[in-house]
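Data block below; observations after.
The values are calculated or read from the model by the stated rules, or taken from the named source; none is laboratory data. From a predicted model like this one, the values you see are computed outputs, not experimental measurements. Glycine also receives a Cβ, built like all others from the backbone with ideal geometry; neighbour counts cover every protein chain displayed.
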Amino acid sequence: MPPTVDVYILVRTNERAAVLSRFVDRYVNGGDPRFDAFLRTFVSQNPAPGDDGALADLRRDESAVAAFSLYLRAKAYEGAIITITEEGDLVLGLSLDDPETHPRRCSRLRP
C-alpha cells in the first residue's frame, strides 16, 4: 500500500445535514457498524432508539458530550473521516495517496 496523507477541512455551517449528505454520497463507502446510526442521527435527523449509545462509543474524550470521530471506508481513496466537534462544527477528511511518493509522480522524476 502506498503512503498516504490525511487532508482535513473544518466546516462551520447551519446546514450540517446537507453538507454531511453530500460528503457521504460523494466519498464514503461505509465501513463502521455505527454508520447507520450516524446517518439516521445527523443526515436524516431521525435517530432510532439506541443510536445515541452507539454514537457515544465513538467519543475520543471521556469529557466530550457531543464530539466524536467516525473512521470509514472511502469510495476512491484510502479512507474517510467525519468528526463532529463539541461546538457542532464538522471536520471532514480523506486519506489520499501521498503525492510525493505516488508511483506516477516518482516515475516522472526518474532520469
**Q.** Qualifying positions in the range 62-71 - under 14 Å from Tyr27 (Cα atoms) and surrounded by fewer than 18 Cβ atoms within 10 Å (Cβ to Cβ)
**A.** Tyr71
Q. Which residue pairs have Cβ atoms closer than 8 Å, lie 6 or more positions apart in sequence or on different chains, and pair a first residue in the range 1-27 that is assigned to a loop (DSSP other than H, G, I, E, B) with a second residue that is surrounded by fewer than 12 Cβ atoms within 10 Å (Cβ to Cβ)?
A. Pro2/Pro103
Q.
Quick check on the range 50-71. Is at least one of its residues among the aromatic types (Phe, Trp, Tyr) and modelled with pLDDT of 95 or more?
A. no
Q.
Condition check: part of a strand (DSSP E or B), modelled with pLDDT of 95 or more and either exposed (fewer than 11 other Cβ atoms within 10 Å of the Cβ) or not aromatic (Phe, Trp, Tyr) (or both). Does Ile82 satisfy that?
A. yes
